[in-house]
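Inspection log for the structure reproduced underneath, given as structure tokens.
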Amino acid sequence: MSLTHSDSTSLNSVTSLPFPDRRQRSETGKGEERRQFGNSYFHLSSAGKELAEAIDNYKIQHRRRYVTPDELLSVITSLGYSRH
């Protein structure tokens, strides 16, 4: 199978375009962190806010974008919750 392009632009000129490196960190040395619950907790109850902050802190500490169910359980139990 052969791929062709009707435009006269060569592959070399396309690949020489600047590519922004979005992995670079800001001047403070800290990149933007994604938050499970956004940057606002105003719509949550106090217990919900505590849980959301604990999850976000866990994700930052362990450099995780998502947490597994077992990791979530460990965050919940670290807050003092238990199964009766």
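The values are calculated or read from the model by the stated rules, or taken from the named source; none is laboratory data. The structure presented is a predicted model; accordingly, all values stated were derived computationally and were not measured. Every residue, glycine among them, receives a Cβ derived from its backbone with ideal geometry; neighbour counts consider all protein chains shown.
Within segment 48-73, restricting attention to residues that are touching a residue at least 12 places away in the same chain (Cβ under 8 Å) and more than 13 Å from the chain's Cα centre (by Cα), which residue is surrounded by the most Cβ atoms within 10 Å (Cβ to Cβ)? This residue is Leu51. Just one of the numbered conditions (1) loosely packed, with under 11 Cβ neighbours inside 10 Å; (2) at pLDDT below 60 is not true of Arg23: (2).
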